[in-house]
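Following: one structure in structure tokens, then a few remarks.
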Amino acid sequence: MSKYYQPEIETMALEDMQKLQSERLVKQVKHVWDNVPYYRKKMEDKGITPDDIKGIEDLHKLPFITKDDLRECYPYGLLATDLKNCVRIQSTSGTTGKRVVAFYTQNDVDLWEQCCARAITAVGGTNKDVCQVCYGYGLFTGGPGLHGGSHKVGCLTLPMSSGNTERQLQFMTDLGATILCCTPSYAAYLAESINEQGIKDKIKLKAGIFGAEAWSENMRKDIENKLGIKAYDIYGLTEISGPGVSFECEEQTGMHVNEDHFIPEIIDPETLEVLPLGQKGELVFTSITKEGFPLLRYRTKDICVLSREKCSCGRTLIKMAKPMGRSDDMLIIRGVNVFPSQIEEVLIAVGKGNITPNYLITIDRVNNTDTFDLDVEMSESMFSDDVKSIVRVENEIKDKLRSILGLGVGVHLVNPKSITRSEGKAKRVIDKRKI
Ligand code: DLL
């Protein structure tokens, strides 16, 4: 087995893990207090100092950090070390306005890659494996994270990045890839292409590590059957490091959190109270080993459940269920984080009396790929215009959205007053994806 199965950590007794977390938390709080004036102010506003945090039992006293804080502090406001100590940035898949930038020291990159190496090891990966990484490379953490983990395990790494299915299949068959890392929707697409081309017997895959978006147990079964592999979930987010915050083991009943690096909590998103194990609420993480960009009590907005039920793999690391949705309005479309507010901004910019602010986003999944359509009501004056000018406005909206989101959107100007008005909160999104 690869040296990234670390039983001294992964099967540690609960008391020992809590002791380790407490030591690291105390140190981390001091590091953040000393180096991040923004967070120090938040602590002062709550009337606490690092002396009040003696261990994980005091974690609940710390203030939360949210995406809004990250935006306010963009780009350097939450950096906890001199910039010269940082060697990398990564960023969430989002827009210029909403972008979140995370900084890493070399040590941060090493620890992150170790987390991914644990995930690859947990699916049976060793230095005999050929690991095909088709998450996007670049600012997105998927490619770089799994790539680094694959190197650490000693797999032959195929740094494919996303897209170009023909080339993916050629390398997969010619080089005998045994582990596939990509989003579950791309895995399902690859599986279909393999079956269509009748090349299943040329495939040597045994396991897949699929995450970055929600997927169901049905989708897991479908991918497993079509590819003849075991499909494992992996979770993470840029703000906390990237993929590998938690990973699935052979039991496939939820993801073990790398608790020696990230302390998870579940809170009630309304009252902000910490909820007991087993209750559903918003997932919050505290980074206890990061140097460059250590976030304390970061609200992920992912709705989830934690469990300490005994796992047959022997790991004692706490488990999180598959995330069950979000407590904010963020959508993940083809892996890109999209906020309805970004669409509103574009509509306002393009508006000029041609369109109204009434719109409806429809998302679906066709052939395992997300479709993204936007209906926008025209104004009465535009309604009487010729088709040419309607198409011009549609294209303008389309181009602006593509440049901001990096996504193709089907834009349709619809008749005035044709979008159903709501009596309560406006319903702007119809998500037909069955996931
Ligand atoms: O998606 C990191 C990642 C890359 C995870 C590759 C796994 C594999 P972000 O772009 O910052 O980072 O998006 C983070 O994606 O808050 C969740 O809402 C969602 N997400 C990530 N993994 C899963 C998963 C990467 N396994 C946001 N299941 C998170 C459901 C997931 N949702």
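The values are calculated or read from the model by the stated rules, or taken from the named source; none is laboratory data. Small disclaimer: the values here were computed from a predicted structure and weren't measured. FYI the Cβ positions are ideal-geometry reconstructions off the backbone, even for glycines, and counts take in every protein chain you see.
Some values worked out for this structure:
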quantity: Count - residues of region 10-57 that are within 13 Å of Ile288 (Cα to Cα) and part of a helix (DSSP H, G or I); calculated: 17
quantity: Residue satisfying condition, being more than 16 Å from the ligand (Cβ to nearest atom), in contact with a Lys or Arg (Cβ under 6 Å, 6 or more places away or on another chain) and among the hydrophobic types (A, V, I, L, M, F, W, C), within set Ile343, Ile348, Ile355, Ile288; calculated: Ile288
quantity: Options Glu380, Glu344; residue that is in contact with a Phe, Trp or Tyr (Cβ under 8 Å, 6 or more places away or on another chain) and modelled with pLDDT under 90; calculated: Glu344
quantity: Complete set of residues in region 31-56 that are within 28 Å of the chain's Cα centre (by Cα) and loosely packed, with under 15 Cβ neighbours inside 10 Å; calculated: Pro37, Tyr38
quantity: Sole residue being more than 22 Å from Glu166 (Cβ to Cβ) and either more than 15 Å from the ligand (Cβ to nearest atom) or at pLDDT 95 or above (or both), chosen from Ala212, Ala207; calculated: Ala207
quantity: Residue match in region 57-68 (condition: within 27 Å of the chain's Cα centre (by Cα), among the charged types (D, E, K, R) and over 20 Å from Ile240 (Cβ atoms)); calculated: yes
quantity: Subset of region 227-244 that is within 24 Å of Gln18 (Cα to Cα) and within 8 Å of the ligand (Cβ to nearest atom) - its residue that is surrounded by the fewest Cβ atoms within 10 Å (Cβ to Cβ); calculated: Leu237
